[in-house]
Amino acid sequence: MKSLVVFISMLLLLCFQCIYGLGSGESGTGVVPSPDRSPDGADLRSSVGTMVGTHFAMFHQGNTDKCAIVMNLSAVDRCAFVKTTQDCSMEDSFFNYLKMTFCLLPPDLTPLTITLCIIWLLFLFIVLGLTASKFFCPNLSAISSTLRLTHNVAGVTFLALGNGAPDVFSATVAFSRPHTAGLAIGALFGAGIFVTTVVAGAVSLVKPFTVASRPFLRDVIFYMAAVFWTVVILYRGTISLGETLGYLGLYVVYVITVITSAYIYSHQKHSVTRSSIQSSTHVPEFQSSESDDEAILISNSSIQEDYDSEYCPLLPYCESTSSILLSSLNPVDSRIWRRKSWRWRAIKILKMPLEVLLLLTVPVVDPDKEDRNWRRPLNCLHLITAPLVCVLTFRSGEYGMYRIEDQFPVWALTLLFGLFLSAIVFLTTTNNHPPPYHSLFSLLGFVVSAIWISAVALEVVSILHMLGVVFSLSNNLLGLTLLAWGNSIGDSFSDVTIARQGYPQMAISACFGGIIFNMLIGVGIGCLMQMFNNEPVVTFPHDWTGITLSPPTPTPQFEPAGLLTWVLAGSLGLSLVLSFILVPLRCFHMGRSHGIFLLLFYTVFLLVALLTEFGFIHT
């Protein structure tokens, strides 16, 4: 479903581009190739340098990405330009998609290369969803169970991170680089508008209900504060260390508020219950809107136990180590396979190689199972593969390829350490009983799955950056459409399904709680990473016609906010203000009419955003 949404959105953007008449640069202001160009490309590089000076006016209007002018060059000059321009390097990702687009195949086959990159983008969205749902979230749940966290604390910390992992990691990666910060702004604001209008409207249409008053007002107020803070930072164009830490501090305040309100409600509930028991044998039901703030647990453990008991062997059976390993690496459950449709089976077959790779590298601890998902041979193998994935994936393998004393690579040392640790665990454990330290595997699985998600999110951001350059689309538009829809569509269907099953208040709580986490943690961690990287920022003085690199500064700077950014911020702020006013006026009842209004609001916003992007609405 994510792939279908991203594909349709790409078609819509291309249609708007064709209607507006954006050319590919072939017949535009390109450089005519010189007939006496030298074979080594020296004349080509000089023509590229001339073109950079010619198009400096474009930068002076606010675009700080020098790579954006590549489409104004002729097709034969683009490969040399992306090779010699620092902004086109994409050093943080595994592949340089701009170089792949313009240099992999001849210029006539560039559309084929772009098509392959789009297909790869769809696959990466599948990887994000699969890693988050089947590996990242279960390990977070196991960690919260091991730490004995209450449902309120786990819901606003670990579970919020699990649900918003693709959004948070994508925003963090985008914010960590100045030239892609617009992707993060578009994704966070776009996802916020999408969730608070489309998802909330769909929940209202599916199951009209009365929302919990105090939790709803609390979440809306905190989210408005986060949005207002972000708008102020965008207006200034810079953010200080104190303001960055303020994002994280505001989320801490939000968590404390949730925990405190839950404690106060629980104390009041117990007080009323005790007084009722003393006065009468009949205990009245305690009504409070705060009760809806607690997570509604849908427990089907007894049903699952009865179901599994049918398949338990009558006589004890001891599996061999090799059979345990093979069965653990099988991503298909034969009982589920028989009950599914052919479409589900076809999609499952396509995802099987990816699932096997993740099963090989990411341990998963399940506290609901009797053996806590202990698989001795596979878990010992994880001690080898998981550290290797960490060193070879983090920062595109930069640390893994580093050589100690210019002789011994880090990845080889990691491999030896993993083999040693795996041998110790294998010799000191059995197949049937998990060791006392098995819970530590959930921490290892959390770290490895987080690194997988971060690496995939980095590739997604790089591809979107490439598409923005090729199709002359702004980062904001790509963020509010492709990135926001791709990361939010899965949670949206989950929320609507929960509402259809009779739990609309849980669905609406997930809507607001998740986007607050994504906004505060995504911006805070991303800006801290940009400070840590301490990258130079391209500046364009108004009194000089050259391009200089400012000295490294610990203060992150963002692309100048354009009209589309303010359309995004204004629309999100307006939707929150309307929800803050209209929902209490309707006695906190969200009916079908309110759902239709929210869907119409998003339709109008999307139309205005597209018209603004393609110049029909301008200042």
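The values are calculated or read from the model by the stated rules, or taken from the named source; none is laboratory data. Here the structure is a predicted model, which means the values were calculated and not measured. Positions of Cβ are generated from backbone atoms using ideal geometry, with glycine treated the same way; all protein chains shown enter the neighbour counts. Remember, those area values only see protein heavy atoms, side chains included, never the ligands or the DNA or RNA. Shrake-Rupley method; radii C 1.70, N 1.55, O 1.52, S 1.80 Å.
Sorted by average packing, counted as other Cβ atoms within 10 angstrom per residue and highest first, what order do 234-246, 513-525 take?
513-525, 234-246
Using a ≥ b ≥ c from the Cα gyration tensor of the stretch 330-388 (square roots of the eigenvalues), is it rounded, prolate or oblate, where a/c under 1.5 gives rounded and otherwise the larger of a/b and b/c decides, a/b for prolate?
Here the stretch 330-388 falls in the oblate category.
Of the listed peptides 458-465, 380-387, what is their order by residue-averaged count of other C-beta atoms within 10 Å, with the highest listed first?
Highest mean packing first, the order is 458-465, 380-387.
Taking the Cα centre of the stretch 170-284 as origin and charging only Cβ (+1 Lys, Arg; -1 Asp, Glu), how large is the dipole, in debye to the nearest 20? All intermediate terms of the calculation are to be shown ahead of the outcome.
Numbers: 7 positive and 2 negative charges, 46 e Å.
Dipole magnitude for the stretch 170-284 comes out near 220 debye.
Averaged per residue, what accessible surface does the stretch 406-492 expose to a 1.4 Å probe, in Å²?
Working: 3290 Å² over 87 residues.
Solvent-accessible surface per residue comes out at 38 Å².
How large is the accessible surface per residue of the stretch 334-391, computed with a 1.4 Å probe and reported in Å² as a whole number?
Values: 3120 Å² over 58 residues.
Accessible surface, normalised per residue, equals 54 Å².
Ignoring any ligand, DNA or RNA, what whole percent of the accessible area of the stretch 326-451 comes from carbon and sulfur when the probe is 1.4 angstrom?
The nonpolar share, carbon plus sulfur, comes to 66 percent.
Could you rank the peptides 359-369, 195-205 by their average count of other C-beta atoms within 10 Å per residue, with the highest value first?
Numbers: 359-369: 20.1, 195-205: 24.3.
Result, highest mean first: 195-205, 359-369.
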